[in-house]
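For reference, the structure discussed in these notes is given below.
The values are calculated or read from the model by the stated rules, or taken from the named source; none is laboratory data. Small disclaimer: the values here were computed from a predicted structure and weren't measured. Neighbour counts are summed over all protein chains in view; Cβ atoms, including those assigned to glycine, are modelled from backbone coordinates with ideal geometry.
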Amino acid sequence: MAGQGIFADVSINPIADIYGNSINLQSKIPNIGASNAYNSNSSVGIISLQKKVNIFSISENPVRSSLNISFANAFAEKEIKIYSVSGKLISSTKVNSGNNKKQIELAENVNNGIYFVRVSEESKYQVLRFVLYKESR
């Protein structure tokens, strides 16, 4: 069918796919266009933050009522966000440079469970998991 009728513009041996990526028939590696990471260097819809491992640490996990955070770098401004397992934002705060510790009191209506704390510093971030366990009175 290639080269005939409505397929007149289709080559029997194509040199590029519909995205303009070259096709190498010698390597026999299929290029199905499903991986943009393979086909290009750009990502769509992703915030470009680099992950840095040692931005902060949490002391006392499980957490009883307040989250104690220690920062590795006291000289950078930070943004702290706490999320539930379902992705709901529980708390958000900013920390000015010059502080190497922060204590966050969790609201009374925050239930026991697993939560994530995300600290962003410039273009880097780190996420840690913690367990909130309030003893019943």
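Being charged (D, E, K, R) and touching a residue at least 24 places away in the same chain (Cβ under 8 Å) is the filter here, so list the residues in segment 110-132 that pass it. The answer is Arg118, Glu121, Glu122, Lys124.
Residues that are surrounded by 13 or more Cβ atoms within 10 Å (Cβ to Cβ) and of a type in the set (Phe, Trp, Tyr) within segment 62-119 comprise Phe71, Tyr83, Tyr115, Phe116, listed in sequence order. The residue pairs whose first member lies in segment 1-16 and is in a helix (DSSP H, G or I), whose second member is modelled with pLDDT under 70 and loosely packed, with under 10 Cβ neighbours inside 10 Å, and whose beta carbons are closer than 6 Å, counting only pairs six or more residues apart or on different chains, are Phe7/Met1.
Looking across segment 77-125, the residues that are under 18 Å from the mean Cα position of the chain (by Cα) and over 14 Å from Leu67 (Cβ atoms) come down to Glu79, Val85, Ser86, Gly87, Lys88, Leu89, Ser120, Glu121, Glu122, Ser123, Lys124, Tyr125. Restricting Asn24, Asn99 to residues that are on the phi < 0 side of the Ramachandran plot, at pLDDT 65 or above and assigned by TED's automatic domain parsing to the domain that holds Ser120 narrows the list to Asn99.
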